[in-house]
Amino acid sequence: MLTLFTYYRSSAAFRVRIALALKGLDYDAVPVHLQRDGGQHRTAEFAARNPARLIPALDVDGSVLTQSLAILEYLEETHPEPPLLPVGALARARVRALALAVACDMHPLNNLRVLRYLAGELKLDEERRSRWYRHWVETGFDALEAMLRRDRPEGPYCHGERPGLADCCLVPQVFNARRFDIPLEPYPSILAVHDACMRLAEFERAAPAAQADAE
């Protein structure tokens with residue numbers, strides 16, 4: 001029994017929804033609104049599930065998993081087909097590096113709690129917050145674009161003919177960039193992978209607009 005605590009616009013939750021769809025796994029979705037009621041993730045009830053008060057969290061028969069990349073690795077270990085990681089240690093390291101370039105280098109600098117801190121504690125106006133956001137997205141995408149062009153196997157996805165762990169991370173980051181009007185023309189490889197993924201039903205089902213809590 002899988003229960004995913006999710007928010008339609010959370011890119012980290014989007015990653016997990018993609019992986020669950022690619023694995024063909026059914027789950028119950030429990031929306032946790034990050035802005036309503038002062039942030040439903042901040043409640044004591046949710047903190048009992050995830051002390052970090054972050055989305056997503058995946059309840060597996062009463063055991064709660066947190067951190068999207070850890071959840072994806074768990075799904076890969078427990079449901080190895082279809083795989084999210086390729087064969088071979090070097091290939092798997094490449095895919096993990098692409099995923100971590102998003103999940104560690106980009107997303108933590110631009111998530112909702114960081115933007116709130118910039119506005120509330122540091123009193124940065126919207127123009128300066130936008131400059132912050134754009135700087136870190138462009139810095140990350142510059143690196144990711146170069147990584148995709150280097151040593152990439154034939155195929156439309158991040159690593160060959162099958163979408164996997166890196167694609168689960170790349171697609172939500174493109175969604176976020178578009179929300180904030182970041183120009184993406186300098187990143188043709190990123191856009192090509194994104195567009196190939198979004199032609200798949202699994203990615204469409206996982207997308208923010210397809211979620212029951214979408215606004």
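FYI, it's all coordinate maths here, none of it is from the lab. Quick caveat: nothing in here was measured; it's all calculated off a predicted structure. Note: ideal-geometry Cβ built from the backbone for every residue, glycine included; neighbour counts use all protein chains shown.
Paramagnetic label reach from A91 (point 7 Å along Cα→Cβ; backbone nitrogen cut-off under 13 Å): within the range 163-206, residues 163-165. Counting 0.36 nm for each residue step from K123 to L109 and taking away their Cα separation leaves a gain of 3.4 nm. Scaled to the globular estimate 2.2 N^0.38 Å, the Cα spread of the range 89-203, given as radius of gyration, is 1.12.
Please report the spacing between the Cα centers of the range 101-154 and the range 1-66 in Å, no decimals. That distance is 22 Å. Using a Gaussian network model of the chain whose springs link C-alpha atoms within less than 10 Å, name the residue from L22, L144, L200 with the highest mean-square fluctuation. In this elastic network of the chain, the residue with the biggest mean-square fluctuation among L22, L144, L200 is L200. Annotation for A47 and H135: the two label points, set 7 Å from Cα along the Cα-Cβ direction, are 3.2 nm apart. Binning all Cα-Cα separations of the chain at 5 Å, short to long from zero, yields these whole-percent fractions: 1, 7, 15, 19, 20, 17, 12, 6, 2, 0. Relative contact order for the chain: 26 percent, from Cα pairs under 8 Å spaced at least 6 residues apart, divided by residue count.
Here, the range 1-69 has an Rg and a Dmax of 11.3, 34 Å when only alpha carbons are counted.
Label zone (F180, point 7 Å along Cα-to-C-beta; backbone nitrogen cut-off 15 Å) within the range 1-45: 10-12. Normalised by the number of residues in the range 89-203, the mean separation of alpha-carbon contacts (under 8 Å, six or more apart) gives a relative contact order of 30 percent. Charged side chains reduced to their Cβ positions (Lys and Arg at +1, Asp and Glu at -1) give the chain a dipole of some 500 debye around its Cα centre.
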